[in-house]
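Taken together, the values in this text are just the output of simple stated rules run on the coordinates, not laboratory data. Everything quoted here is computed from the prediction, not taken from an experiment. All Cβ positions, even for glycine, are placed from backbone atoms using ideal geometry, and neighbour counts span all protein chains on display.
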Amino acid sequence: MITEGLIAALAGGSLGLILGGSAKRESITGLGLAAGAFAVAWGHLAWLAGILFAAVSAAFQWRKGEKENALVLAGLFCLAAAGTMWVGAASLAFGVILAAIIGLWRTQNHWGLRLIALGFVLCGGGALVLTTGWVQVVVAAATLLAAAGFSLLVRQFFAQQDAVFAKGLDQMMAQYSGEVQGLYEGMRGWRHDYHDHLQALKAHLDSQDTAAARAYLDDLEDKLDTVDTLVHSGNPMLDAILNGKLTLAERENIPTNVKAFVGATPLIQDLDLVVIVGNLMDNALEAIEAQPAGEKRRLRVYIAILKQQLYISITNTRPADQQIDIHYASTKNDKRGLGIRRINKLVAKYGGMINRQYEDEVFVTEIALPLSHDHSRENSDH
């Protein structure tokens, strides 16, 4: 039964690499699984190795907050454990290969990679079933190492891509922050100068110089056009980002219906608020602008404090043929997809809820973020 033990050990070591995490954790997990699998398979208990794989992989995924993945992997390796009754430790190897492919399939939209992975499963699984003895050990080693290596390479490749996009997104967020600060300062400036403008107009009228008064008003109107204060929510930062984006919508002749009021209630960190609302508004405007001319276009924004939660609802029309995957990242724009993932992470950071729905030509995003005194202290520190 040494061949069974070796195949089980190879499967355990490969699973440790596929589960991900730090290099140290991968090594320790892989060695532990390999040793445990070898021991039980040597003792004619290959099915017990399958239960071990199920428990460890489910625990890894559960700790990462991926409960659905945890259940999928637990079920997969329980089936692999049952399969050892017929094909021995080869069932464990096949289960590990499937785990790698399922992970790739669930996290990536690239059909080229998916088809390559599917072909790999069919070829590798078939070779494992059709061989025996030491030949099967060699086939298992080659197949499992290839699966683990492929999984690691794909993970590293997309991590590097995410890092590149994240850098671009951080630059965009810095631009957002600068724009918001500029808008905020601009509005404060207008409030501060309001009395001076009235005095200047009175002076022109007192001297009966109506032409000068009209010219002064025209000049004020031109300057006010740079920022239309369409929203007065009670929160200067929220007002600034919303007014900036709604001004863009107005220039594109996009009909809007906006209701936003949060008063003086302390919200989340300013930068996080800018990231969430800015990305939501950008995605909505991008989808609306992609609609063919002549189609009905509209944007609805509702933001309020409901039951001690910051509630954000954005509804926008979109092209009927636009494809959206299960992670709600556009299939044709990776940067937009990364922005959505950043929103998801921030919602998770505050223990909030996010709900997305789309039907026909309308897309709706709802976010609810619990508000606490901790958030206000975080804002006071900035």
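Rank-order 119-132, 196-209, 50-63 by packing density, defined as the average count of other C-beta atoms within 10 Å over each peptide's residues, highest first.
50-63, 119-132, 196-209
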Quiz item: In sequence order, what are the phi-derived ³J(HN,Hα) couplings for region 196-202 according to the Karplus relation 6.51 cos²θ - 1.76 cosθ + 1.60 with θ = phi - 60°, rounded to whole Hz, with x for glycine and proline?
Solution: 5, 5, 5, 5, 5, 5, 4
Quiz item: Which value in nm describes the separation of the simple spin-label points at VAL362 and ASP196, placed 7 Å from the Cα toward the beta carbon?
Solution: 4.8
Quiz item: Gain in length, GLU66 to THR132, computed as 0.36 nm per residue apart minus the alpha-carbon separation, to one decimal in nm?
Solution: 20.1 nm
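If you add up the charges near ALA368, with Lys and Arg at +1 and Asp and Glu at -1, over every other residue whose beta carbon is less than 14 angstrom from its beta carbon, what do you get?
On the way: positive: LYS307, LYS349, ARG356; negative: GLU366.
So the environment of ALA368 carries a net charge of +2.
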Practice problem: Distance from a point 7 Å along Cα→Cβ of ILE51 to each backbone N in region 64-96: keep the residues under 13 Å and list them by number. | Solution: 78-79, 81-82
Practice problem: List the residues whose amide H sits under 5 Å from the amide H of LEU310, counting only those 5 or more places along or on another chain, with H placed 1.01 Å from N in the peptide plane. | Solution: LEU369, LEU371
Quiz prompt | Under Karplus coefficients 6.51, -1.76 and 1.60, residue-wise ³J(HN,Hα) of region 78-84 in Hz, glycine/proline x | solution = 5, 5, 4, 4, 5, x, 5
Practice problem: Tabulate in residue order the Karplus-calculated ³J(HN,Hα) for region 120-130, using 6.51 cos²θ - 1.76 cosθ + 1.60 with θ = phi - 60°, rounded to whole Hz; enter x for Gly and Pro. | Solution: 4, 4, 5, 5, x, x, x, 5, 5, 6, 7
Quiz item: Taking the Cα centre of each part, how many Å lie between region 228-272 and region 72-95?
Solution: 55
Exercise. Lys and Arg at +1, Asp and Glu at -1: add these up for the other residues within a Cβ distance under 15 Å of GLN208 and post the number.
Key: 0
Exercise. Can you pull the one-decimal nm distance between simple spin-label points at THR210 and ARG106, each 7 Å off the Cα toward Cβ?
Key: 7.5
Self-check item: Set LYS167/LYS307; LYS259/LYS349; LYS202/LYS259; LYS167/LYS345; LYS296/LYS345 screened for pairs whose C-alpha atoms are more than 28 Å apart
Solution: LYS167/LYS307; LYS202/LYS259; LYS296/LYS345
Quiz item: How far apart, in nm, are the 7 Å Cα→Cβ label points at LYS167 and ARG155?
Solution: 2.3
